[in-house]
1. Does residue 308 meet the test of being touching a Ser or Thr at 6+ places or on another chain (Cβ under 8 Å) and open to solvent by 80 Å² or more (accessible area, probe 1.4 Å)?
2. Evaluate segment 274-294: report whether one residue or more is of a type outside the set (Gly, Ala, Ser) and in contact with a Gly (Cβ under 6 Å, 6 or more places away or on another chain).
3. (1) crowded, with 20+ Cβ neighbours inside 10 Å; (2) modelled with pLDDT of 95 or more: which one isn't true of residue 23, the others all being true?
4. Before we move on, is residue 124 of a type in the set (Lys, Arg), within 16 Å of the ligand (Cβ to nearest atom), open to solvent by 50 Å² or more (accessible area, probe 1.4 Å) and more than 29 Å from residue 191 (Cα to Cα)?
5. Only one of 60, 39 is open to solvent by 30 Å² or more (accessible area, probe 1.4 Å) and either in contact (Cβ under 8 Å) with a residue 60 or more places away in the chain or on the phi > 0 side of the Ramachandran plot (or both). Can you tell me which?
6. Can you name the number of the only condition in (1) among the acidic types (Asp, Glu); (2) within 13 Å of residue 182 (Cβ to Cβ); (3) open to solvent by 40 Å² or more (accessible area, probe 1.4 Å) that residue 303 fails?
7. Assuming residue 143 fulfils every condition listed in (1) over 21 Å from residue 217 (Cα atoms); (2) not assigned by TED's automatic domain parsing to the domain that holds residue 69 apart from one, which condition is it?
8. Please specify each residue of segment 202-227 satisfying the condition of being touching a helix residue (DSSP H, G or I) at 6+ places or on another chain (Cβ under 8 Å) and more than 11 Å from residue 145 (Cβ to Cβ).
Amino acid sequence: MVVSGSKKSIVLGLAPNEKHPTGIDLQSCPLYAPAIHAAFTPIRAWLQRLGARPYNIPTAKGEVKYVLVSANPAGDLMVRLVLRSKAALHRVEHTWSELQAELPNLRVFSVNIQPEHTTVIEGREEIILSSERYIPMPGIGTDLWLAPGAFFQTNTAASQALYAQAATWARELQPETAWDLYCGVGGFAFALSSAGVAQVTGVEVVGPAIDGAKHAVTELASATATVPVEPSNKNDGTPNTPSAAPRPHFITADATKWAVNQTLMPPDLVVVNPPRRGLGPDLSSWLERSGIPHLIYSSCFPETLVEDLRRMRSYQIRAAKLVDMFPHTSHVECVVLMSKIFSRATN
Ligand SMILES: C[S@@+](CC[C@H](N)C(=O)[O-])C[C@H]1O[C@@H](n2cnc3c(N)ncnc32)[C@H](O)[C@@H]1O
């Protein structure tokens, strides 16, 4: 939410415009999850007690720019406060526990410093004030761990449908190796592992997302280690080994640079889920030349999806599914399964 209004009368929602000079409060917006609705009043009251001035976009004055709230289906919250500078940081450090007292499900709280006057919401510096760094989000086969600064799909139920679709295709194709490029906190990577893909590598440029993905691997490992070992049915005194799905591994890197510089054998399957700008000519042309048998492309922007597909003409679309990731809008997530037509590729 954009923070606007005044110190004593905070508005949380959309930025001011000519028709709504103090901003539009979204407290009653029916799109928010119940846990986010419940957070509006305590956050507004705490900000008013904090007494820092909301950032005024036309004058570039004021301190408090945004409040970014994420919730999981259990109602756990991550709240991030975006400030223009560190002027109010001391007060935030000393009073955010009041907010926590009113929002017992508040697990992660951080301050992001964005000194630039820009439409880019977040700055580079993130100061985590809570002892917890992640909230668990539902994934396929495991929880995914969301940290401040990491991307998560806007619609959690729709993201589950996406990851489940990739797992279904993986079970049909039975690849041994796969890459999840633009992996975020690893939603596709863990879905592929849960479908039995032995070696999955996730690649993502944002460090906190990879930290979350690695945290999920650690959590999975400790969950497996604590699975009670059943007595062996061989009757020879040897314990059964607890069954464990393969675990992906994760790398912080630019997806294109990492892929085109690989010297190892290309994998059997690549999943790509880039931002709206798509893969671009370098990565899509490299994939076209790579000989990788199967691709899954999940896109939130059909125009760049089509541009990229035009550069990968040796792949045939085998299936496509639309997922209503952004209900009540004209936007849609489209996930496409493609396989290499080897005869055409070698011509
Ligand atoms: C649409 S999100 C998909 C994330 C993930 N697949 C998921 O389902 O949550 C795109 C991701 O690409 C990451 N990203 C952006 N530019 C990148 C780059 N050049 N190389 C690798 N990852 C990048 C973003 O940080 C973001 O996590």
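1. So residue 308 does not fit the description; no.
2. No, the conditions are met nowhere in segment 274-294.
3. For residue 23, the exception is condition (2).
4. Working: of a type in the set (Lys, Arg): yes; within 16 Å of the ligand (Cβ to nearest atom): yes; open to solvent by 50 Å² or more (accessible area, probe 1.4 Å): yes; more than 29 Å from residue 191 (Cα to Cα): yes.
Spelling it out, residue 124 is indeed of a type in the set (Lys, Arg), within 16 Å of the ligand (Cβ to nearest atom), open to solvent by 50 Å² or more (accessible area, probe 1.4 Å) and more than 29 Å from residue 191 (Cα to Cα).
5. On inspection, the qualifying residue turns out to be 60.
6. All conditions are met except number (2).
7. It is condition (1) that residue 143 fails.
8. Listed by number, the residues that qualify are 202, 203, 204, 205.
The values are calculated or read from the model by the stated rules, or taken from the named source; none is laboratory data. Being a predicted model, the structure only gives us computed values, none of them experimental. Backbone-built Cβ (ideal geometry, glycine too); neighbour counts: all protein chains shown. Calculation scope for accessible area: heavy atoms of the full protein, side chains included, ligands and nucleic acids excluded. Shrake-Rupley method; radii C 1.70, N 1.55, O 1.52, S 1.80 Å.
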